[in-house]
Amino acid sequence: PSGGFHGFVIDSGVESGLPNLTGEHYVLACQSVLTRNCSIEIPEADEIVTHPARIIKGTVVAVEAPTHDIRRLRVRLAKPFEFSPGQYATLQFSPEHARPYSMETAGLPDDPEMETEFHIRKVPGGRVTEYVFEHVREGSSIKLSGPLGTAYLRQKHTGPMETLCVGGGTGLAPVLSIVRGALKLGMETTNPILLYFGVRSEQDLYDAERLHKLAADHPQLTVHTVIATGPINESQRAGLVTDVIEKDILSLAGWRAYLCGAPAMETVEALCTVTKKLEFTRTIGGTNFLRR
């Protein structure tokens with residue numbers, strides 16, 4: 001198919017008719033002409049997963065408020081729910097209130113979930129999030145439709161590679177799902193994981209203890225919490241998460257990255273820019289959340 005194969009030019013001897021790709025050192029094989037000997041890195045074929053789309057009834061068994069504007073919903077499902085780490089589902093709280101949210105649990109196909117967790121940030125004027133904050137309680141019924149999304153954990157790889165996971169705000173939920181899935185599969189033994197959690201201020205930070213306990217239990221997982229403004233303690237980093245990553249990592253060549261965040265932080269767009277600057281050439285998955 002058109003656009004079905006692209007490569008990363010290491011040593012140029014290729015003329016491409018697509019300047020937007022050429023500027024990033026990528027070429028489409030069907031649109032390029034060799035002018036001399038060259039070296040081209042062939043990307044791994046993408047890993048396609050399919051799960052049966054389902055509509056499952058659920059019951060909210062716990063509602064927590066980890067910050068002033070986030071609700072954590074723990075949902076018990078009527079049937080097992082099979083999905084890949086990092087995917088999301090549409091939650092219907094009432095006939096008029098339905099929106100997609102990412103699961104926080106691993107949800108591997110051979111161990112489908114009977115309970116899962118969602119992180120929901122309140123958006124001023126947001127019809128669904130305001131309904132959740134005002135009306136959803138322990139015992140509330142919901143319907144879950146899914147799974148959806150292509151920013152899921154890739155399990156196949158050609159050799160050892162490091163994994164970068166970045167969550168901005170409630171983007172922590174799908175990132176944690178991916179990390180938990182990788183740890184459950186033992187992938188960190190050959191694929192060390194570097195997790196960055198970025199928030200605007202101290203009052204937006206949550207689950208720090210949970211993250212650091214996860215890292216303490218898994219030596220190949222390193223966690224950084226990054227606060228953009230205000231004071232920090234000795235276990236935290238100051239500044240924009242993108243700037244901290246640029247300081248820590250000289251090159252992302254050969255890495256695999258998963259990026260999840262909200263438009264207010266422009267997390268995904270900014271991180272995509274950073275990954276290109278750091279010579280990132282491997283699989284990248286991203287989720288940008290909508291305001292609703």
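Observations, loosely collected:
- Matching entry among Ala106, Ala89, Ala98 (being under 18 Å from the mean Cα position of the chain (by Cα) and either more than 25 Å from Lys184 (Cα to Cα) or at pLDDT 95 or above (or both)): Ala89
- Within region 122-149, residues that are in the same structural domain as Tyr101 (by TED's automatic domain parsing) and in a loop (DSSP other than H, G, I, E, B) reach partners that are surrounded by 11 or more Cβ atoms within 10 Å (Cβ to Cβ) and charged (D, E, K, R) with beta carbons closer than 6 Å, at six or more positions or on different chains, in the pairs Lys122/Asp69; Val123/Arg291; Gly126/Arg292.
- Tabulated pairs, region 188-216, first among the polar types (S, T, N, Q), second crowded, with 19+ Cβ neighbours inside 10 Å, C-beta under 6 angstrom, 6+ apart or interchain: Asn191/Thr163
- Options Val241, Val226, Val274: the member that is at pLDDT below 85, crowded, with 18+ Cβ neighbours inside 10 Å and either touching a helix residue (DSSP H, G or I) at 6+ places or on another chain (Cβ under 9 Å) or farther than 16 Å from Thr170 by Cα (or both): Val274
- Residue among Leu164, Leu172, Leu205 that is touching a His at 6+ places or on another chain (Cβ under 8 Å), closer than 20 Å to Asp243 by Cβ and at pLDDT 90 or above: Leu172
- Region 69-83 - residue that is at pLDDT below 95 and not in a strand (DSSP E or B) and, of those, surrounded by the most Cβ atoms within 10 Å (Cβ to Cβ): Phe83
The values are calculated or read from the model by the stated rules, or taken from the named source; none is laboratory data. Please read all numbers here as calculations on a predicted model, not as lab measurements. For neighbour counting, all protein chains shown are included, and Cβ atoms are generated from backbone atoms with ideal geometry for every residue, glycine included.
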